[in-house]
Amino acid sequence: MNDRTAMLMLRAMVYAARADGHIDAAEQGRILKLVEQLFPGKDMTAVMNGLMAEPINPDVLVREICAPEQGEDIYRLSCFIVDVDHFMEKSYLEALASALHITPERKGALELEAVQAKQKLIAG
């Protein structure tokens with residue numbers, strides 16, 4: 001995976017986690033685990049701080065996406081990061097799916113895949 005794709009994924013995770021105004025401990029744990037895989041051995045503190053200060057804008061993500069499959073991966077990853085327990089998270093994910101032109105049927109399938117991946121992470 002190239003750095004541009006890894007940064008897109010990191011930005012997507014941070015935006016999703018921040019959608020309700022804060023990043024809770026579970027979201028932070030999932031992000032940190034994936035950051036270690038995406039950027040092994042790199043100190044990402046400054047990058048994370050920068051992403052925390054950016055306005056949350058799904059269109060920024062969409063501009064970086066090269067193919068519909070990548071957009072689905074970004075949506076699935078965003079769903080994986082958050083526990084949708086706040087209307088702002090739900091609204092963010094709706095806006096992201098819309099910006100990515102993901103159909104309601106496909107959106108539901110991606111959300112189910114994200115839930116299953118979260119359950120696997122918790123169990124494993």
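The values are calculated or read from the model by the stated rules, or taken from the named source; none is laboratory data. As the structure is a computational prediction, the values presented were derived from the model and not from experiment. FYI the Cβ positions are ideal-geometry reconstructions off the backbone, even for glycines, and counts take in every protein chain you see. Side chains are part of the model used for accessible areas, which takes the heavy atoms of the whole protein and leaves out ligands, DNA and RNA. Shrake-Rupley method; radii C 1.70, N 1.55, O 1.52, S 1.80 Å.
May I ask you to verify whether residue 56 is hydrophobic (A, V, I, L, M, F, W, C), in contact with a Lys or Arg (Cβ under 8 Å, 6 or more places away or on another chain), part of a loop (DSSP other than H, G, I, E, B) and within 22 Å of residue 5 (Cβ to Cβ)? Step through it out loud before you land on a result.
Values: hydrophobic (A, V, I, L, M, F, W, C): yes; in contact with a Lys or Arg (Cβ under 8 Å, 6 or more places away or on another chain): yes; part of a loop (DSSP other than H, G, I, E, B): yes; within 22 Å of residue 5 (Cβ to Cβ): yes.
Taking the combined requirement at face value, the residue satisfies it.
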Which condition from (1) surrounded by 15 or more Cβ atoms within 10 Å (Cβ to Cβ); (2) at pLDDT 90 or above; (3) within 15 Å of the chain's Cα centre (by Cα) is the one that residue 90 breaks?
(1)
Restricting attention to the stretch 76-87, the residues that are open to solvent by less than 10 Å² (accessible area, probe 1.4 Å) and either touching a His at 6+ places or on another chain (Cβ under 6 Å) or not in a helix (DSSP H, G or I) (or both) number exactly 1
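Mind listing just one residue for me: the one in the stretch 61-75 that is of a type outside the set (Val, Ile, Thr) and buried (at least 19 other Cβ atoms within 10 Å of the Cβ) and, of those, nearest to the chain's Cα centre (by Cα)? Steps first, please.
Looking only at the stretch 61-75, we keep the residues that are of a type outside the set (Val, Ile, Thr), and these are 61, 63-64, 66-73, 75.
Now drop any that are not buried (at least 19 other Cβ atoms within 10 Å of the Cβ), which leaves 61, 71-72, 75.
Values: 61: 10, 71: 11, 72: 11, 75: 7 Å.
Step by step, filter the stretch 61-75, then rank; the result is 75.
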